[in-house]
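Asker: Sending over a structure as structure tokens; questions will come in a sec.
The values are calculated or read from the model by the stated rules, or taken from the named source; none is laboratory data. Just so you know, these numbers come straight off a predicted model, no measurement behind them. Note that we place each Cβ from the backbone using ideal geometry, even for glycine, and neighbour counts take in every protein chain shown. Ligands, DNA and RNA are stripped out before the accessible areas are found, and what is left, the full protein with its side chains, is counted by its heavy atoms. Shrake-Rupley method; radii C 1.70, N 1.55, O 1.52, S 1.80 Å.
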Amino acid sequence: MGLELYLDLLSQPCRAVYIFAKKNGIPFKLCTTEVFKGQLQSKEFFQINMLRKIPVLKDGDFILTESSAILIYLSSKYQTADHWYPADLQARARVHEYLGWHADCIRGTFGVPLWTQVIAPLTGAHVPEEKVERNKTAMDRALQQLEDKFLGDQAFLTGQQMSLADLMAFEELMQPVAVGYDLFEGRPKLAAWRERVEAFLGSDLFQETHGPILNILEQAVNKKFPKPSPEVYPYILLRISRIP
Amino acid sequence: MGLELYLDLLSQPCRAVYIFAKKNGIPFELRPVELLKGQHHSDAFAQVNPLRKVPALKDGDFTLAESVAILLYLSRKYEVPDHWYPQDLQARARVDEYLAWQHTALRSSCTRAMWQKMMFPVFLGEQVPPETLASTLAELDRCLQLLEDKFLKDQDFVAGPHISVADLVAITELMHPVSAGCQVFKSRPKLAAWRQRVEVEVGKDLFQEAHAAVMKVKDLPPADPATKEKLQPSVQVLLQ
């Protein structure tokens with residue numbers, strides 16, 4: 001049994017892992033695990049990850065959670081090109097520095113619009129307008145820091161070449177973009193970075209990975225997005241209640 | 001100028017960095033940054049870390065923020081014993097996994113528990129709604145259960161049979177609610193036993209030294225109006 005990756009391409013960290021594996025030609029079995037079909041709540045998935053979260057990596061008997069841990073594991077095991085996770089002491093430190101800040105300021109922030117604009121309306125959950133506004137402010141602040149502290153005059157977030165940091169950031173930023181927020185308007189520096197990342201990934205891989213998330217708004221608008229399964233409602237309501 | 005570490009031992013990640021550096025005999029200049037006096041907002045400190053947070057590292061011209069980045073930088077640069085951050089692929093992945101999980105889970109509930117139970121009422125003179133505190137303590141409890149069930153399990157340490165940076169990060173987090181009087185270890189013998197093992201490995205003197213400041217916070221006099229005004233805006237988020 002080879003490498004298995006449990007992913008839902010609607011999820012930002014899952015897309016980062018998917019792109020990394022595909023771009024680096026890492027052979028794996030895609031075990032699609034759909035959040036809104038309640039597949040995280042199944043007994044089978046609990047055996048894979050008791051935290052009921054994705055992405056998950058299964059390599060023989062070795063099971064690993066947390067996207068950054070998975071990315072680092074894959075980069076080491078498959079000895080991917082140095083720029084992804086540089087061997088150089090200071091360059092590598094910059095990747096970890098970004099990942100630390102990302103956990104505080106990006107994760108949990110950029111996923112919110114999908115929940116407030118698409119999922120909440122579908123399930124009838126109400127999100128106070130002040131939370132939506134607070135989230136917009138948080139995204140603005142984070143984007144400014146992303147530009148000033150990380151990107152600066154560099155081509156990519158932690159140096160002149162693409163790294164794991166750019167993948168993680170890019171996928172988070174795609175989430176609000178997919179539901180119609182133009183994060184890059186008025187931010188030419190970030191827009192240029194986005195183009196460099198997309199060019200690096202290549203349009204085929206880009207389309208393949210972002211198909212589901214980019215279609216979500218159209219599906220929601222045309223009422224074609226399937227109503228989430230009943231067993232996933234408690235999880236949805238919990239996620240929504242946690243929006244600061 | 002050698003290695004400088006900008007720390008406030010009131011902060012959990014600062015304690016983890018401090019313990020790690022001291023335990024491994026890494027020579028450094030301690031640059032205190034007093035959070036309760038708002039020193040992290042100074043222009044001078046912004047030169048070291050424009051994100052205005054501690055811990056921060058300065059090694060010659062190289063500045064670095066984020067505790068995990070700092071711990072891993074130090075472990076590689078000073079070639080500390082392997083168990084702190086193992087070379088073995090899967091052993092290291094376990095450490096990475098814990099460090100990633102804790103950042104968005106345990107860290108948040110430990111900070112909130114300490115602030116809502118102690119800092120807001122005692123230091124800032126601000127009442128915290130009982131439902132808010134109850135919800136925070138429930139979340140802390142949930143995270144502690146996951147720490148036991150998913151990470152510690154039947155192992156001696158959080159990421160395996162040997163102490164690693166994951167244990168330093170975990171123990172310093174747990175001491176935060178402890179400093180506020182939360183009985184984190186009392187009803188959890190597994191965690192209490194793990195704590196003993198970590199203290200023995202780190203050395204009881206170093207462990208106590210690192211935690212002296214935070215354990216005395218409950219005896220601090222209430223903040224004066226100027227301090228309150230300075231701190232209030234940035235700490236409101238800890239009431240959510």
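Asker: Hey, any hits in the stretch B:33-52 for a residue that's at the interface with chain A (Cβ under 10 Å from one of its Cβ atoms) and open to solvent by less than 10 Å² (accessible area, probe 1.4 Å)?
Answerer: Yes, the stretch B:33-52 contains a residue that is at the interface with chain A (Cβ under 10 Å from one of its Cβ atoms) and open to solvent by less than 10 Å² (accessible area, probe 1.4 Å).
Asker: Condition first: part of a strand (DSSP E or B) and among the hydroxyl-bearing types (Ser, Thr, Tyr). Can you find one or more residues in the stretch B:56-70 that meet it?
Answerer: yes
Asker: If you don't mind, another one. Evaluate the stretch A:88-101: report whether one residue or more is more than 10 Å from chain B (Cβ to nearest Cβ), open to solvent by less than 50 Å² (accessible area, probe 1.4 Å) and at pLDDT 95 or above.
Answerer: Yes, the stretch A:88-101 contains at least one residue that is more than 10 Å from chain B (Cβ to nearest Cβ), open to solvent by less than 50 Å² (accessible area, probe 1.4 Å) and at pLDDT 95 or above.
Condition check ((1) open to solvent by less than 10 Å² (accessible area, probe 1.4 Å); (2) more than 12 Å from chain A (Cβ to nearest Cβ); (3) of a type in the set (Phe, Trp, Tyr)) across all residues:
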{"position": "B:Thr132", "(1), (2), (3)": "no, yes, no"}
{"position": "B:Glu139", "(1), (2), (3)": "no, no, no"}
{"position": "B:Arg142", "(1), (2), (3)": "no, no, no"}
{"position": "B:Asp149", "(1), (2), (3)": "no, no, no"}
{"position": "B:Lys153", "(1), (2), (3)": "no, no, no"}
{"position": "B:Val165", "(1), (2), (3)": "yes, no, no"}
{"position": "B:Glu173", "(1), (2), (3)": "yes, yes, no"}
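Asker: For the stretch B:132-184, name all the residues that are closer than 29 Å to B:Val122 by Cβ and not in a helix (DSSP H, G or I).
Answerer: The answer is B:Ala180, B:Gly181, B:Cys182, B:Gln183, B:Val184.
Asker: If you check B:Arg76 against the conditions, is it of a type outside the set (A, V, I, L, M, F, W, C) and either within 9 Å of another protein chain (Cβ to nearest Cβ) or not in a helix (DSSP H, G or I) (or both)?
Answerer: So B:Arg76 fits the description; yes.
Asker: Ok, one more. Does B:Gln87 meet the test of being on the phi < 0 side of the Ramachandran plot, among the polar types (S, T, N, Q), assigned to a helix (DSSP H, G or I) and at the interface with chain A (Cβ under 10 Å from one of its Cβ atoms)?
Answerer: no
Asker: Okay, moving on. Applying the selection to the stretch A:66-105, what residues are in contact with a Phe, Trp or Tyr (Cβ under 7 Å, 6 or more places away or on another chain) and within 30 Å of A:Met139 (Cα to Cα)?
Answerer: Answer for the stretch A:66-105, where residues must be in contact with a Phe, Trp or Tyr (Cβ under 7 Å, 6 or more places away or on another chain) and within 30 Å of A:Met139 (Cα to Cα): A:Glu66, A:Leu71, A:Ile72, A:Leu74, A:Ser75, A:Gln90, A:Arg92, A:Ala93, A:Val95, A:Tyr98.
Asker: Please find, among A:Phe184, A:Phe170, the residue that is aromatic (Phe, Trp, Tyr), closer than 22 Å to A:Ile72 by Cβ and open to solvent by less than 20 Å² (accessible area, probe 1.4 Å).
Answerer: Criteria check complete, one pass: A:Phe170.
Asker: Additional query: Go through the stretch A:47-78 and give me each residue that's out of contact with any helix residue (DSSP H, G or I) (no Cβ under 9 Å at 6 or more places or on another chain) and away from chain B (no Cβ under 11 Å).
Answerer: Once the filter is applied, which keeps residues that are out of contact with any helix residue (DSSP H, G or I) (no Cβ under 9 Å at 6 or more places or on another chain) and away from chain B (no Cβ under 11 Å), the stretch A:47-78 yields A:Gln47, A:Ile48.
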